[in-house]
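A.B. asks: Provided herewith is a single structure, encoded as structure tokens, for subsequent inquiry.
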Amino acid sequence: MKRIFVLLMFVACFCGCDMLLSTTGNTTLGSMSQTELGKAVKELLQVSADNSLAKLGVTDGFFKNMEVKIPFPQSLQKVEEKLRQVGFGGQVDQFTEKLNRSAEDAATGVKEIFKTAITQMTINDALGIILGNDDAATEYMKKTTTAAITSKVSSVVAKSNEKIKLASYWTPLANKYNTVMLLTGGAQVNTDLTQYVTEKAVAGIFKIMAKEEKVIRTKTSAQTSSLLRTVFGGSNSSSSSSGSSATKSGTSTAGKASATSSSSNTGSSSGSGNTGKATVKKN
């Protein structure tokens, strides 16, 4: 994918952004200025980030979402099995819930980091996101924010672990397991819970963000502004917004000679083909 993107940007330098954007199948893009394109991508990033954090940064945002629920540490699977065998299943479940509560706290603390990354985005970044896969915006966020978000989440998780007294749930489990291991000659256990929750929380945030991004790119109902519909709706949907419907090419309605499209997107093109060469306006 990286090689393809580099090739596309090389083509853009010599053939112009208009020809490159025409490959998306959305003929409207060529008539838009770089400022408009950049604004659309920033909105995509912001809405994807806001939606994902709103879903995760609440009670049960992680704990009852099987896509991102943080399990008992996989590296300690033998610990979990042994503890359940000796009657500590309830405590294991409580501990797992607390791990997720800590991540839910952390998800609310990274909005500003995302906002900073969005404001620093360049036009080349924006073009790459428009031309990229359904998770291109999320990948941009990963590249530009992972270090900062990991640091922030780690700090929040550490405080959250203290607030919910995670150690009080983990220490008895670790002590019980270590006692059993002492008797059987097995290895003692000691794990960094803050690091574990941080890694899982960060991965979960980006996973849900990628999912939200794809929805916005592919579903008109999720494109909450005319700008999003213009940039991301032109090549994947023929339906328009505001509750009105657009008639698909080649279909007819009995008793009606014509259908009126309600699309209000600026710079849209008529017809179903890419006629003429579009031009991206430079500011």
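None of the figures in this text is laboratory data; all of them are computed from the coordinates on show. The model shown is predicted, which means the values in this text are computed figures rather than measured ones. Backbone-built Cβ (ideal geometry, glycine too); neighbour counts: all protein chains shown.
A.B. asks: Could you tell me which of VAL157, GLY90, PHE62 has its Cα farthest along the dipole of region 38-218 towards the positive end, charges placed at Cβ (Lys, Arg +1; Asp, Glu -1), taken about the Cα centre?
C.D. replies: GLY90
A.B. asks: Follow-up. Per-residue HN-Hα couplings for region 156-168, Karplus 6.51 cos²θ - 1.76 cosθ + 1.60 at θ = phi - 60°, whole Hz, x for Gly and Pro?
C.D. replies: Karplus-based 3J(HN,Hα) across region 156-168 equals 5, 4, 4, 5, 5, 4, 5, 4, 8, 6, 4, 4, 5 Hz.
A.B. asks: Shifting gears a bit: Given H placed on each backbone N at 1.01 Å, which residues far from SER33 in sequence or on other chains put an amide H within less than 5 Å of it?
C.D. replies: Those lying under 5 Å, H to H, from SER33 are LYS281.
A.B. asks: Counting pairs of Cα atoms in region 84-228, how many percent are more than 19 Å apart? The partial results should precede the final answer.
C.D. replies: Numbers: 6508 of 10440 pairs.
Across region 84-228, Cα pairs with separations above 19 Å total 62 percent.
A.B. asks: Let me ask something additional. Extension gain THR179-ASN65, at 0.36 nm per residue separation less the Cα-Cα distance, in nm? Before the final figure, lay out each step's value.
C.D. replies: Working: separation 114, 0.36 × 114 = 41.04 nm, distance 3.38 nm.
Full-extension gain reported as 37.7 nm.
A.B. asks: In region 30-135, what trypsin sites (Lys or Arg not before Pro) fall in a loop by DSSP, with at most 16 other Cβ atoms inside 10 Å?
C.D. replies: Working: sites: LYS39, LYS42, LYS55, LYS64, LYS69, LYS78, LYS82, ARG84, LYS98, ARG101, LYS111, LYS115; in loops: LYS64, LYS69.
Sparse-neighbourhood loop trypsin sites (Lys or Arg not before Pro): LYS64.
A.B. asks: Moving to a separate point now. Using a cut-off of 19 Å between alpha-carbon atoms, which aspartates and glutamates can reach LYS214, once sequence neighbours fewer than 8 places away in the same chain are excluded?
C.D. replies: GLU43, ASP50, GLU67, ASP125, ASP134, ASP135, GLU139
A.B. asks: Through the Karplus equation 6.51 cos²θ - 1.76 cosθ + 1.60, θ set to phi - 60°, convert the phi angles of region 123-137 into ³J(HN,Hα) values in whole Hz; use x for Gly and Pro.
C.D. replies: Karplus-based 3J(HN,Hα) across region 123-137 equals 5, 5, 4, 4, 4, x, 6, 4, 7, x, 5, 5, 10, 4, 5 Hz.
A.B. asks: Which pairs break 24 Å Cα to Cα here: LYS42/LYS207; LYS165/LYS200; LYS55/LYS176; LYS165/LYS207?
C.D. replies: Numbers: LYS42/LYS207 19 Å; LYS165/LYS200 19 Å; LYS55/LYS176 36 Å; LYS165/LYS207 28 Å.
Checking Cα-Cα distances, LYS55/LYS176; LYS165/LYS207 exceed 24 Å.
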